[in-house]
Number of protein chains: 2
Amino acid sequence: MSLPATLDTSTSCCAPRVTAAITVEDAERVARVFKALGDPTRVRLLSLIAAGDGGEACICDLTAPVGLSQGTVSHHMKLLADAGLVTREQRGKWAYFAITDGALDAAADTLRSV
Amino acid sequence: MSLPATLDTSTSCCAPRVTAAITVEDAERVARVFKALGDPTRVRLLSLIAAGDGGEACICDLTAPVGLSQGTVSHHMKLLADAGLVTREQRGKWAYFAITDGALDAAADTLRSV
């Protein structure tokens, strides 16, 4: 692929003036986390978990506040867990979720370092 | 909607133990920003712009590093601009983009306060 001509002829050849500050692999990793955060229900679920007793919440207490079925909430929680944002622990009948230590801070740090 | 029964009968009635820490409106606003960030190409474009001279970049210099057509890059840039993450300035033939002051910090702060 060739660069399109630019109005600034002094720098229009040879090399792009802009070079990547993040690798493709890092961008993919980061985007996966942000994609998981890019849904209002998942943002609310994270916020509910963070506000729960001991920073955790039973899925049985997450359905009513967001007004969705347990199946739908489970699907959202799976996406958050796959992105590494929450951890899941089964206790008897119910799954409990907690915010992964450092995950939100790490995502925030990435944003600040972009 | 009624809460499902829980194993912990001492708290299974009356009120959810978990209450929302973020409003629906705030969650929607936040999720829009994270959705824009939830794509590896857009993360790379933001990173390229931040690394550009003066913290800005001409769209003509963004196509080659990501290996995409100008039309595709323009589409990604529109999503980033709509989310308030970049500002756009037309200079003659080309559009120049800069990271919106404070936008990434604000998103990072939101993550830390979840």
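Please give the net charge around B:H75, taking every other residue with its beta carbon less than 12 angstrom from that of B:H75, where Lys and Arg add +1 and Asp and Glu add -1. Here the count lands on 0.
Over the C-alpha trace of the stretch B:23-113, radius of gyration and Dmax come out as 13.3, 43 angstrom.
When A:W94 is represented by a point 7 angstrom out along its Cα-to-C-beta vector, the spacings to that point in the other copies are 5.8 nm, nearest first. Taking 16 Å as the cut-off, the amide N atoms of the stretch B:24-50 that come nearer than this to a point 7 Å along the Cα-to-beta-carbon line of A:T23 belong to B:44. Electrostatic bookkeeping for A:D39 treats Lys and Arg as +1 and Asp and Glu as -1; over the other residues with beta carbon under 12 Å from its beta carbon, the sum is +4.
Distances from A:S113 to the same residue in each other copy, label points 7 Å out along Cα→Cβ, in nm, shortest first? Distances between equivalent label points, in nm: 2.4. Eigenvalues of the alpha-carbon gyration tensor of the stretch A:65-114, scaled by 5 and square-rooted, set the equivalent ellipsoid semi-axes at 25, 13, 8 angstrom, largest first.
Within the straight-line cut-off of under 30 Å between alpha carbons, the lysines reachable from A:K35 are A:K78, A:K93, B:K35, B:K78, sequence neighbours fewer than 8 places apart in one chain being disregarded.
Coordinate-derived values only; no laboratory data. Here the structure is a predicted model, which means the values were calculated and not measured. Because the Cβ atoms are built from the backbone with ideal geometry, glycine has one as well, and the counts that use them run over all protein chains shown.
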